[in-house]
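Have a look at the structure below before the remarks.
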Amino acid sequence: MANRMKDKVVIVTGAGSSGPGWGNGKAAAALYAREGARVLAVDYRRDAALETQEVIRSEGGECVAAVANVADSADVQRMAEACLEHFGRIDVLHNNVGIVEVGGPVETTEEAWQRVIAVNQTSVFLTAKHVVPHMLKQRAGAIVNIASIAAIRWIGFPYIAYSAAKAAMLAMTQNMAVQYASEGIRANCVLPGFMNTPLIREPLKETYGGDVERMIAQRDALTPTGRMGDGWDTAYAALFLASDEARYITGTSLVVDGGLTARCA
């Protein structure tokens, strides 16, 4: 193990994968642990959180799995309390939870809109509400929010609720960054582009005629580097922003997209 996160305690929400392979949250949790952090791996699904816990422990890392609905304030409060109970402090809050609903304002139901906003946006408000007070006591902390280039660009098909929630995340991050800068707390965003993770397979495949391999090939071709990124690309960007190497960086958005938005500009 390296030591970039030695003695740090990290909460990762959405720390499980939505299917086989390495999602953004699972990769981030594992990478933080490899760099010496103690990790609270939080997911809505117990089996997914436990899987991430097992991966980290099998590598000699320290991890505790926790179950929480991050769109529910009471659950989030229990999550923060569990982290303090197990580890005594919270140094990094990594908000990774995200769900996708394809559709514009006509196709998207009101129920789907509310669900996506609650899970993708309200969760960031709630985790900050219950975690930041502990960071304020420490006068130190880092928040890393995983947004998306969908917050700043049209990327090929409509998902209005997802784009709206991720765009709001950018503004929320900047607000927190400035408000708490003098208190030793930093807040930054990572904006992944096209990523080959388990999350894209079910929600997006119908947009490509139900053919997953066709979807992957087309998304690879659209990326200037010739391939999509993966969960590890997102994780390494988050690791940098969470680490003391980024101590003078706050209120920023780090785009991780293989040049896609640069070409679209």
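Results, tabulated for the structure shown:
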quantity: Failed item in (1) surrounded by 15 or more Cβ atoms within 10 Å (Cβ to Cβ); (2) modelled with pLDDT of 95 or more, with Lys137 passing the rest; calculated: (1)
quantity: Within the stretch 1-29, tally of residues that are over 14 Å from Val64 (Cβ atoms) and aliphatic (A, V, I, L, M); calculated: 5
quantity: Residue that is surrounded by the fewest Cβ atoms within 10 Å (Cβ to Cβ), among those in the stretch 26-52 that are within 14 Å of Gly14 (Cα to Cα) and more than 17 Å from the chain's Cα centre (by Cα); calculated: Asp47
quantity: Subset of the stretch 221-256 that is small (Gly, Ala, Ser) and free of Cβ contacts under 8 Å to residues at least 60 places away in the same chain - its residue that is nearest to Ala28 (Cα to Cα); calculated: Ala237
quantity: Of residues in the stretch 83-121 being over 18 Å from the mean Cα position of the chain (by Cα) and among the small types (Gly, Ala, Ser), the one surrounded by the fewest Cβ atoms within 10 Å (Cβ to Cβ); calculated: Gly88
quantity: Sole exception among (1) touching a residue at least 40 places away in the same chain (Cβ under 8 Å); (2) surrounded by 24 or more Cβ atoms within 10 Å (Cβ to Cβ) for Cys63, by number; calculated: (1)
quantity: Some residue of the stretch 167-184 being surrounded by fewer than 16 Cβ atoms within 10 Å (Cβ to Cβ), modelled with pLDDT under 95 and farther than 24 Å from Tyr236 by Cα; calculated: no
quantity: Of residues in the stretch 218-255 being in contact with a helix residue (DSSP H, G or I) (Cβ under 9 Å, 6 or more places away or on another chain) and small (Gly, Ala, Ser), the one surrounded by the fewest Cβ atoms within 10 Å (Cβ to Cβ); calculated: Gly226
quantity: Selection from the stretch 142-163 of residues that are in a helix (DSSP H, G or I) and within 14 Å of Ser123 (Cα to Cα); calculated: Tyr162
quantity: Residue tally, condition under 25 Å from Gly104 (Cβ atoms), of a type in the set (A, V, I, L, M) and in contact with an Asp or Glu (Cβ under 7 Å, 6 or more places away or on another chain), over the stretch 120-164; calculated: 2
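The values are calculated or read from the model by the stated rules, or taken from the named source; none is laboratory data. Note that this is a predicted model, so its numbers are computed, not measured. FYI the Cβ positions are ideal-geometry reconstructions off the backbone, even for glycines, and counts take in every protein chain you see.
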